[in-house]
Amino acid sequence: MLAAVGPPAARRPDPQRYAMAKQQQTVLERQYSRLGLLLIAPTVLVFCAVIAYPLVSAIYLSLFKIFTPTLEGTWVGLDNYRTLLVKGEFWTSLRANLIWTVGTLTLQIIFGVGMALVLHQNIWFRSLARSLILFPYFISTVVAVLVWKWLFNDLYGILNHLMISAGLIDWPIDYLGTMPNAMISVILVGAWKYFPFVVIAVLARLQSIPDQLYEAARIDGAGPIARFFDVTLPQLREVLVVIIMLRAIWDFKEFDLIFLLTGGGPVTSTQTLPLVVYKEAFALNQMGMAAAYAVIMMLIMLVFMILYMRRTQREDT
Amino acid sequence: MLRKIAFNLFAWSIVLMVAFPLFWMLVTSVKPQFELFRRPPTILPETWTFEHYWKLLSDTNFLGYFWNSVILSTTTTIVVVAIATVGAYSLVRFRYKGRESLAFLVLFTYLLPSVVLILPLYLMLVQLGLSNTITSLVIAYTTFALPYALWLLRSFMAGIPEDLESAALVDGASRLGAFWDIILPQLLPGIISTALFTFILSWNEYLYALVLVNSDDARPLTTGVMNMLISSFNIEWSLLMAASVMMSVPLIIVFAFLQSYLTRGFGAGGVKG
């Protein structure tokens, strides 16, 4: 349409023709790059409108004091940041956020790698087992939370019933209303919901480890445990680093699961930074303050994001 | 042999433990209300009933929410996949200034937390008079769906050998003709799996729907069902479990029929990032 290309002009080396062909090529190249720009234009437009512009204005908003219902604001400069950093809430939320991220991420990695190793073996109905394992990852967080709230129910929940009949506890536990139970519950549900991601990623990598490596280790007299540490784990290292970085970013910014499960409670003990942003903006009606929280949160995440992006760029080239 | 059986039993007991919450959801949804409160609880329902499903469809606005979700997710998927397909083609196969930094930006936004974007987006959509519409959600959903789809499709596109396109060009095809005839058919599995993932993402999204929509006319399933929990006086768990099952049905269908596409997409995008 834009650049109709004929067959290459020169069949035998002919200086004049060669020069013409070359000239034609540069014209063509210019046409091509114009076409390339045309094709990327919709993406760039959408990006500017819904991502770049909001991102910049989030930073701008954080310099104002804005009352959410009327959206009227007054310039306060860096005041939001100053109040935020001396307020205890920021630090307790950051702490809760880190506990949640480290806790759930650790469980995800341990369960995920373990489960991948199990599913890599030839067990009965392997594909059914895989589908069942993957399912928590694909259902909506809303569904996951509703189901777990029902399991956690203090009077009629099956979990309390099982624990009591197993003799582990004497009285029903309040899983979401007290500390540290609430944090542990949130971490566990998070691990349940997101560990399948680790399973799939690790499983894909396991399948590409050459069998010869295991053969060689076996000939050298390595048992199953030694084979895991000397062959499997080094082979998984690369993919595990990527998974940990990605999941750390995603877990750090998790909103739905914690918000729906505990709402940040009891009081503020499971209130992570994304929840504070939401609370400031839509419950306390302090849009500017919320933006300041969001910007700080993004700055913290930026460390991980840059690490991850540098890594993928290295892989690309 | 004995070891094999023991290992299988071990493996399956873990699998069943992981799947138990989902099993429990199904069981609860077909138990009559009074059976829920029995001690000890019945593992399989003594009496099977579909009254909760019936109640869900006739007494609540579930179907309305469901319909909103279908429209919302389908529209988002079509818009995003269309833009991302040509965008990914351009990013992978063309050379121009700023291409590298654009790819970098895509990855950056793919990792960006949505709570950062939601405040200005909220302001923007309120000012445009779009709040409480499905359109506002489609716009908001592109913020996470487009970078995601672009990133996935980029890796699929990079997997198509360049020679195929060159051969078509030598045969006299135009660049766009080659795209249409050669690239698109090759890319189709990638497009399908990207579309499925985008659909699932939009189907499950909660935060934007919570903030941007406050009326039942535009409310999707996630916030709609959650509202049923909050607004009901005494919680009817069977009803909520029935809603959860119904809400997961489209995902189960997608999952069952197209599992190979899903895992392929996962390998391309989920792991490489």
Among A:194, A:63, A:184, whose Cα lies farthest out toward the positive end of the dipole of chain A, if unit charges sit on the beta carbon of Lys, Arg (+1) and Asp, Glu (-1)?
A:63
Largest to smallest principal axis extent of the C-alpha atoms in the range A:147-197, angstrom:
35, 21, 18
Expected unfolding gain across residue B:171-residue B:186 under the 0.36 nm per residue rule, minus the alpha-carbon gap, is 3.6 nm
Cα-centre dipole for the range B:97-176 with unit charges at Cβ (Lys and Arg positive, Asp and Glu negative), debye to 20:
320 debye
Enumerate the whole-percent occupancy of each 20 Å bin, from 0 to the last occupied one, for all C-alpha pair distances of the protein assembly as shown.
18, 49, 27, 5, 0
Can you classify the range A:87-316 as rounded, prolate or oblate using the Cα gyration tensor, where a ≥ b ≥ c are the square roots of its eigenvalues, rounded means a/c under 1.5, and otherwise it's prolate if a/b beats b/c and oblate if not?
oblate
Nearest 100 Å², what total accessible surface is buried between chain B and chain A (probe 1.4 Å)?
8800 Å²
Enumerate the amide H contacts of residue A:286 below 5 Å, restricted to partners 5 or more residues apart or on another chain; note that Pro and chain-start residues carry no placed amide H.
A:68, A:281
Kindly express, to the nearest 10 degrees and within the range 0 to 90, the angle between helix B:134-158's C-alpha long axis and the longest C-alpha principal axis of chain B.
60 degrees
Under a point-charge model restricted to the Cβ atoms of Lys and Arg (+1) and Asp and Glu (-1), what is the dipole moment magnitude of the protein assembly as shown relative to its Cα centre, in debye to the nearest 20?
1360 debye
Could you state the number of Å between the C-alpha centres of the range A:222-242 and the range A:78-122?
25 Å
Among the listed pairs A:65/A:253; A:149/A:279; A:253/B:31; A:65/A:279; A:149/A:253; A:149/B:4, those beyond 27 Å (Cα-Cα):
A:253/B:31; A:149/B:4
Using the alpha carbons of the range B:53-271, what is the convex hull volume per residue in cubic angstrom, as a whole number?
147 Å³
So, for the range A:87-316, what is the accessible surface per residue at a probe of 1.4 Å, expressed in square angstrom?
42 Å²
Helix-only mean residue ellipticity at 222 nm, chain A, DSSP H runs n ≥ 4 weighted -39,500 (n - 2.57), per residue, nearest 500. What is it?
-23000 deg cm²/dmol
Per the 1.4 Å probe, what fraction of the accessible area of chain B, in percent, lies on carbon and sulfur atoms?
68 percent
Can you tell me the dipole magnitude for chain B around its Cα centre, using point charges on the Cβ only (Lys, Arg +1; Asp, Glu -1), in Debye to the nearest 20?
680 debye
Obtain the radius of gyration and the Kirkwood radius of the range A:22-66 from its C-alpha atoms and give Rg over Rh.
1.40
Given a 1.4 Å probe and heavy atoms of the protein chains only, how would you sort B:12, A:124, largest accessible area at the top?
A:124, B:12
Please report the carbon-and-sulfur percent of the accessible area for chain A; probe 1.4 Å, protein heavy atoms only, DNA, RNA and ligands left out.
65 percent
Along principal axes, largest first, the alpha-carbon spread of the range A:175-267 in whole Å comes out as 59, 22, 15
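The values are calculated or read from the model by the stated rules, or taken from the named source; none is laboratory data. Bear in mind that the values here come from a model prediction, so they are computed numbers and not experimental data. Note: ideal-geometry Cβ built from the backbone for every residue, glycine included; neighbour counts use all protein chains shown. SASA here: full protein model, heavy atoms, side chains in, ligands and nucleic acids out. Shrake-Rupley method; radii C 1.70, N 1.55, O 1.52, S 1.80 Å.
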